[in-house]
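Enquirer: A single structure is presented below for examination.
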Amino acid sequence: SNLEYDIFMSIRARVETYIDRLQSLAKAIATVDVLQSLAVVAERNHYVRPEFNREHIIAIDNGRHAVVEKVMGVQEYIPNSIHFDSQTAIQLITGPNMSGKSTYMRQLALTVIMAQMGSYVAADKAQLPIFDAIFTRIGAADDLIS
């Protein structure tokens, strides 16, 4: 048991001399992994490259909630178009329970976040401004899948 511990400590000490290089390598591998994963998902699910504008216009044609769409599997997912401009910067979303209001709002937030992190988005077309914040009040207990 003492020999095993000594070998372990020896290996640990040798690895420790390369810790900065190993951490840099791990960070680079993680970055490549994320970018490759985003590219595969975008290609497989027909995502589009979002366009950014300075006019504070949000125009998403046939947008989809990326997570809900995947979880639904063979069930038909009905896409939603979202359009905001200076005249419609605030919208009131109403509807009966279980009609998709929360999913609609989360879809917009997810599309914005994905676009700003450099990902393609789940839509036929997406034009977005650059956001510095997203404010919403959505009940966390909503079941997006049901």
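Coordinate-derived values only; no laboratory data. Since the structure is predicted, the reported quantities are computational estimates derived from the model, not experimental observations. In this analysis, Cβ positions are derived from the backbone assuming ideal geometry, glycine residues included, and neighbour counts consider all displayed protein chains.
Enquirer: Considering the values (1) 9, 30, 26, 13, 10, 9, 3, 0; (2) 9, 31, 36, 21, 4; (3) 12, 43, 36, 9, 1, which represents P(r) over Cα pairs in 10 Å bins from 0, in percent as calculated for the structure under consideration?
Expert: Computed from these coordinates, P(r) over Cα pairs in 10 Å bins from 0, in percent corresponds to label (1).
Enquirer: By how many degrees, between 0 and 90 and to the nearest 10, does the Cα long axis of helix 19-44 differ from the longest principal axis of the chain?
Expert: 30 degrees
Enquirer: Chymotrypsin sites (Phe, Trp or Tyr not before Pro), restricted to the range 1-83: which are DSSP loop and have at most 12 other Cβ atoms within 10 Å?
Expert: The qualifying sites are 18.
Enquirer: Quick one: Cα centre-to-centre distance for the range 1-72 and the range 88-141, in angstrom?
Expert: 23 Å
Enquirer: Here is a follow-up. Helix 101-116 versus the longest principal axis of the chain: what angle, 0 to 90°, nearest 10, using Cα atoms?
Expert: 50 degrees
Enquirer: Looking only at 118, 95, 63, which one moves most when the chain is put into a Gaussian network model with springs between Cα atoms under 10 Å?
Expert: Comparing 118, 95, 63 in the GNM, the peak value goes to 95.
Enquirer: Aspartates and glutamates within cross-link reach of residue 125: Cα-Cα under 13 Å, excluding same-chain residues under 8 positions apart?
Expert: List returned: 51, 61.
Enquirer: What angle do you read, to the nearest 10 degrees and between 0 and 90, between the alpha-carbon axis of helix 2-16 and the longest principal axis of the chain?
Expert: The two axes meet at around 60 degrees.
Enquirer: Oh, and also: Where does each of 114, 72 land when they are ranked from fewest to most other beta-carbon atoms within 10 angstrom?
Expert: 72, 114
Enquirer: At most 11 other Cβ atoms within 10 Å plus a DSSP loop assignment makes a site exposed; report the longest stretch of the chain without any exposed trypsin sites (Lys or Arg not before Pro).
Expert: Between the exposed loop sites, the longest stretch runs 55-136.
Enquirer: Once you compute Rg and the Kirkwood Rh from C-alpha atoms, what is the Rg to Rh ratio for the range 39-89?
Expert: 1.05
Enquirer: Sticking with this one: Taking the Cα centre of the chain as origin and charging only Cβ (+1 Lys, Arg; -1 Asp, Glu), how large is the dipole, in debye to the nearest 20?
Expert: In debye, rounded to 20, the chain gives about 60.
Enquirer: If you don't mind, another one. Using helices alone, what [θ] at 222 nm do you get for the chain, with -39,500 (n - 2.57) per DSSP H run of 4 or more residues, divided over all residues and rounded to the nearest 500?
Expert: The helix-only estimate for the chain comes to -14500 deg cm²/dmol at 222 nm.
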